[in-house]
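To start, the structure under review is shown below, and the notes come after it.
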Amino acid sequence: MLVPVRKTAEAATGQLRARWLAIAGMLTATMLVAVPQRSPADDGPRNALPPPAPQLRLPQRAVLFYDDFGSDSLKHWTTDRPEVWSVRRGMLRGDLPDRKQERALIYTGSGRWTHYAVDLDVCMMRGVDKGVVLRADGDNGIGIDMRGPGYQDVLLQHGWRTLGRAPVVNGNATWHHLRVEARGHRYRVFVNGHLVIDKVDGRESSENGRIAIFAYTGGVGECTVYYDNVVVTALGGQRSAGKEP
């Protein structure tokens, strides 16, 4: 029996179309399996917890302020970027977007504080820069920047002016104890119990101001940092104002 040429061509075209649709379906299924959806929980380094923090060691007297972040409240702190700061498992956590030169500060204390010392424990999980600002007044203050991987040092700065620098090994995923003393225009910086910087600010910056803890992405473009056991104590003639939990 003869089959019309037109019908034979249409049948062949239908078979090719069906085969192509089947192949396309298999390719689509393969692509969906090969590229799973990513969730925030998959970002391991950002969400990794640090080792257990050291225990709080509170002085017997001259305490102006302390916080071991035993509750989820940050009622004693102020910041213009609340989305960056949170309390996680009894530690203060700062986490910035992955962009270069991002920064955030969280403040506490009194603008009337003069001669005082700040003690805190810090653990960097992602990034380089962490530290504290003393005698903070807006964007002004004396900053102490502990720089980790790629630098391994600590800077004492008044704004962008460097007052002192010292080599200090301070790797990530490890707790480090930072103590800074401000008495007059003299500043002393201790890291893990060792005096590393002892400088006088010859330009005589302000002798008053509160403190600020910071997070900073710098040039590496990432920052996840934990702080704990923040203690401020009076030095010299500074009168104790009591402690705040």
#### Entry: Of residues in the range 216-231 being touching a strand residue (DSSP E or B) at 6+ places or on another chain (Cβ under 9 Å) and over 24 Å from ARG188 (Cβ atoms), the one surrounded by the fewest Cβ atoms within 10 Å (Cβ to Cβ)
VAL220
### Message
Can you say whether ARG239 is at pLDDT below 95, exposed (fewer than 14 other Cβ atoms within 10 Å of the Cβ), part of a loop (DSSP other than H, G, I, E, B) and not assigned by TED's automatic domain parsing to the domain that holds ARG112, as far as the supplied structure shows?
### Response
yes
### Task
Would you confirm whether any residue within the range 129-150 is touching a residue at least 40 places away in the same chain (Cβ under 8 Å) and over 22 Å from VAL189 (Cβ atoms)?
no
### Task
Tally the residues that are crowded, with 19+ Cβ neighbours inside 10 Å, of a type in the set (Gly, Ala, Ser) and closer than 19 Å to ALA62 by Cβ, restricting the search to the range 178-210.
2
### Message
I'd like to know if the range 126-144 contains one or more residues that are assigned to a strand (DSSP E or B) and in contact with a helix residue (DSSP H, G or I) (Cβ under 7 Å, 6 or more places away or on another chain).
### Response
yes
### Task
Output yes when any residue across the range 141-160 is surrounded by fewer than 21 Cβ atoms within 10 Å (Cβ to Cβ), at pLDDT 95 or above and basic (Lys, Arg), and no when none is.
no
### Task
Go through the range 73-108 residue by residue and tally those that are part of a loop (DSSP other than H, G, I, E, B) and over 11 Å from the mean Cα position of the chain (by Cα).
16
### Among residues of the range 179-193, those that are assigned to a strand (DSSP E or B) and without any contact (Cβ under 8 Å) to a residue 60 or more places away in the chain, counted
6
### Query
Which residues, taken from the range 52-71, are acidic (Asp, Glu) and assigned to a strand (DSSP E or B)?
ASP67
### Query
Hey, among GLY209, GLY202, GLY218, which residue is over 17 Å from VAL122 (Cα atoms) and modelled with pLDDT under 95?
GLY202
### Single unsatisfied condition, TYR66 versus (1) within 15 Å of ASN229 (Cα to Cα); (2) exposed (fewer than 13 other Cβ atoms within 10 Å of the Cβ); (3) of a type outside the set (A, V, I, L, M)
(2)
### Query
Could you list, in sequence order, the residues of the range 161-178 that are part of a strand (DSSP E or B), modelled with pLDDT of 95 or more and under 23 Å from ARG135 (Cβ atoms)?
THR162, LEU163, GLY164, ARG165, ALA166, HIS176, HIS177, LEU178
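The values are calculated or read from the model by the stated rules, or taken from the named source; none is laboratory data. What you are looking at is a predicted structure, and each value in this text was computed from that prediction instead of being measured. FYI the Cβ positions are ideal-geometry reconstructions off the backbone, even for glycines, and counts take in every protein chain you see.
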